[in-house]
1. Please find, among GLY84, GLY73, GLY80, the residue that is surrounded by 16 or more Cβ atoms within 10 Å (Cβ to Cβ) and out of contact with any Asp or Glu (no Cβ under 9 Å at 6 or more places or on another chain).
2. Do we have any residue at all in the range 54-73 that's modelled with pLDDT under 60 and either part of a loop (DSSP other than H, G, I, E, B) or more than 10 Å from the chain's Cα centre (by Cα) (or both)?
Amino acid sequence: MPKTNRPRIVFVEVLVDRLILESFPNERAPYQSARSDDGSQDSMDRMRRRIIWHINHTLSKRQKEVLKLYLVGKKEGEIGRILGVKQQVVNIYKKRAVNRLRIVLNHNPVC
């Protein structure tokens, strides 16, 4: 990911927004409004809270570390060097974390 001069964003917002856009691409295109279909922000706020809760309570410590580094722009190879594991291991942690989030979020849809 190329470096830019954009201001840093609070980690939780980066994590949730990027996770929604990359992990759930069929839910909403990146250029669409963040507002839900009913015109309120409530649906997106609920989704953010659910994702944050599941990240904190469902994922392993290592999966959280990998996701955090990935979502702030680190490449898998860099993450591997930081954590002292191979790039393939980072890829496995990342895929398992995203798959686990998909399962728990699809199993318990937003009301």
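The values are calculated or read from the model by the stated rules, or taken from the named source; none is laboratory data. Quick caveat, the model's predicted, so the values are computed rather than measured. Cβ: placed from backbone, ideal geometry, glycine included. Neighbour counts: every protein chain shown.
1. Within the list GLY84, GLY73, GLY80, the selection yields GLY80.
2. There is no residue in the range 54-73 that is modelled with pLDDT under 60 and either part of a loop (DSSP other than H, G, I, E, B) or more than 10 Å from the chain's Cα centre (by Cα) (or both).
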